[in-house]
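In what follows, a structure is listed as structure tokens, so that the remarks can point back to it.
The values are calculated or read from the model by the stated rules, or taken from the named source; none is laboratory data. These figures come from a predicted structure and were not determined experimentally. Glycine also receives a Cβ, built like all others from the backbone with ideal geometry; neighbour counts cover every protein chain displayed. In case anyone asks, the SASA skips ligands and DNA or RNA and just uses the protein heavy atoms, side chains included. Shrake-Rupley method; radii C 1.70, N 1.55, O 1.52, S 1.80 Å.
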Amino acid sequence: MVVAAAAARRRRVWRWAMRAVASAVLWTAVVQLTSIAGLWRPRVLADCWGGGGSGGAAAGLAALAGEDWTAARLSPLALVPRRVYRSNGYLIVTCNGGLNQMRAGICDMVTIARHLNLTLVVPELDKRSFWADPRYDFGDIFDVHHFINSLRDELRIVKALPLKLQIKTRRLYSMPPISWSNDTYYLKRVLPIARKHKVIHFNKTDARLANNGLPVHLQMLRCRVNYEALRFTPQIEALGRKLISTLQKSGQFVVLHLRYEMDMLAFSGCAHGCSGKETEELTRMRYAYPWWKEKEIDSDFKRLQGLCPLTPEEITLVLKALGFTKDTLIYIASGEIYGGERRLAALRAAYPKLVRKEKLLSPGELRPFQNHSTQMAALDYMVSIASDVFIPSYDGNMARVVEGHRRYTGFRKTILLDRVKLVELLDLFQGGKLSWDEFSAAVKVAHQNHMGQPTDRRAIPGRPKEEDYFYANPQECLGSKGGLRDVL
């Protein structure tokens, strides 16, 4: 009897233990699957499907500046399982260009490292070009901890080479990958080099991966890096949220990316509306920088081709023609406008509620960011993503990357100006050949289908510079029905 009772107790204990183990395993699996889904779905859009209907989407997007957004961004993510793979070597990358050119380059470098089973060293930011911020590193702009951990199920990212490799590889094998290359190029040309040298250095990152023709899983990874892994530092995010909140308290607002800084005009050779003295100053600046290869530029010809940013005076007429009223709140996202307040006079007269971050934030709040162009650009980037309408006066890197980000967060209204058509209409109107009503009607008709609506990305085989940029329209990541992207 005693022996039988003891055996029965042992069986009950064994069954209880097995049930406990099974429950623990099941719970762990649920947590891990939930965390993976959370990484792939934009945190800011998490509420868009929770409440159902379009109201949920609006609430999720409106939360960009509120407490819900803050909680979603700052709440810790459960770590996804680390991907186990045999590394073929280490990839070191030196980014080039401004914030958004580097941002796209980082996304491409992560994708390439994952494709080749390499270990990525945290990218080094540009410290040499005109747009460089030489005192700042990756961790001064982006959240390094989040970057590494949010991608751990795809590839290993380390902050520095192991010491033994630093000693062995005093002279790195350095190369610029061929621009606009596809996945096959990296497998056949770059991977053997990485295996041979163990460490490979890419000294250029801009436009090193094709817009089109890549496997969908690689295109999806580019999006995941851009919209999930690349989070600004807590300091930048906090100040950016304050800017957004301040603007939203006044109602809807428009962001005008007015690309009319001195360096932009000198680089492009665009001098329409400038005085003779200013044109000479811009020309001297262009010749002073040897890496700006184009020196003799016909400004009028470039303008007619739509290759120049609209002037502040021209953009004023375009905004009025599009129907923006005098009480529209407009945030200018840019550096210092060439010509200063004199060139902004017409725009300010037409739109008195014209603001910049320098007006909305106190000197003390901005002081840590002043003289650091990349951090200031990061603040403008955040405000641009959150705005009700985004209008770039020129299709540079920021304009295109913001356009794509706004598509990703629900095809938010982005007015893509047709500068070729606008220059023609502006010249006709200012020459007295069009009345205001005719001019306004023509501008509206020309931009009916330029509002950031769902559209196929245009591919031009053999001419990648002329086709649509992947990061301006990452259609593989936008879902199948033309609205907010599908939930995984």
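If I stretch the segment between GLN252 and SER373 completely, what's the gain in nm (0.36 nm per residue apart, minus their alpha carbon distance), one decimal?
Between GLN252 and SER373, full extension yields an extra 40.9 nm.
Starting from the Cα of LYS188, draw a straight line to each of the lysines and keep only those under 23 Å, dropping any in the same chain fewer than 8 residues away.
LYS196, LYS198, LYS204
Going by the alpha-carbon gyration tensor, a ≥ b ≥ c the square roots of its eigenvalues, is the stretch 178-296 rounded (a/c under 1.5) or, if a/c is not under 1.5, prolate (a/b greater than b/c) versus oblate?
Judged from the Cα gyration tensor, the stretch 178-296 comes out oblate (a/c at least 1.5, b/c at or above a/b).
How charged is the neighbourhood of ILE337? Take every other residue with its Cβ under 14 Å from the Cβ of ILE337, and add Lys/Arg as +1 and Asp/Glu as -1.
That works out to -2.
Give, as a single signed number, the net charge of other residues whose beta carbon lies under 13 Å from the beta carbon of LEU243, with Lys and Arg counted +1 and Asp and Glu -1.
Neighbourhood net charge equals +2.
Cβ under 14 Å from GLU424's Cβ, GLU424 left aside: what net charge do those residues give with Lys, Arg +1 and Asp, Glu -1?
Result for the local shell: -1.
So, in nm, how far is label LEU428 from label ARG83 when the simple model puts each one 7 Å beyond its Cα toward the Cβ?
5.3 nm
How much of CYS274 can a 1.4 Å solvent probe reach, expressed as accessible area in Å² and rounded to 10?
30 Å²
What FRET efficiency comes out for ASP137 versus GLU438 if R0 is 60 angstrom and r is the Cβ-Cβ distance? Round to the nearest 0.05.
Calculated transfer efficiency: 0.65.
Do you know the relative contact order of the stretch 393-448, to the nearest whole percent, from alpha carbon pairs under 8 angstrom that are 6+ apart?
31 percent
If you take the square roots of the eigenvalues of the alpha-carbon gyration tensor of the stretch 363-488 and sort them as a ≥ b ≥ c, do you get rounded (a/c under 1.5), prolate (a/b over b/c) or oblate?
oblate
Once you have the Cα-Cα distance between GLU294 and LYS188, take 0.36 nm times their residue separation minus that, and quote the gain in nm to one decimal.
So the extension gain works out to 34.8 nm.
How much length, in nm to one decimal, is gained on full extension between VAL420 and HIS197, taken as 0.36 nm per residue of separation minus their Cα-Cα distance?
Computed gain between VAL420 and HIS197 is 75.4 nm.
Taking R0 as 22 Å, what's the FRET efficiency between ASN117 and ALA459 from their Cβ-Cβ distance, rounded to 0.05?
Between ASN117 and ALA459 the formula returns 0.20.
Tell me the per residue accessible area of the stretch 209-312 using a 1.4 Å probe; a whole number in Å² is fine.
Using a 1.4 Å probe on heavy atoms only, each residue of the stretch 209-312 averages 43 Å².
Give the shape of the stretch 73-228 as rounded, prolate or oblate, defined through the alpha-carbon gyration tensor: a ≥ b ≥ c are the square roots of its eigenvalues, a/c under 1.5 means rounded, and otherwise the shape is prolate if a/b is larger than b/c and oblate if not.
Rounded is the answer for the stretch 73-228, as its axis ratio a/c remains below 1.5.
Not counting ligands, DNA or RNA, and with a 1.4 Å probe, what is HIS257's accessible surface area in Å² rounded to the nearest 10?
10 Å²
In what sequence, largest accessible area first, do LEU428, LEU422 appear using a 1.4 Å probe?
Heavy-atom accessible area, descending, gives LEU428, LEU422.
So what J values fall out for the stretch 280-295 if you push phi through Karplus, 6.51 cos²θ - 1.76 cosθ + 1.60 with θ = phi - 60°, rounded to Hz, Gly and Pro as x?
Once rounded to whole Hz, the list reads 5, 5, 5, 5, 4, 5, 4, 6, 6, 10, x, 7, 8, 6, 7, 10.
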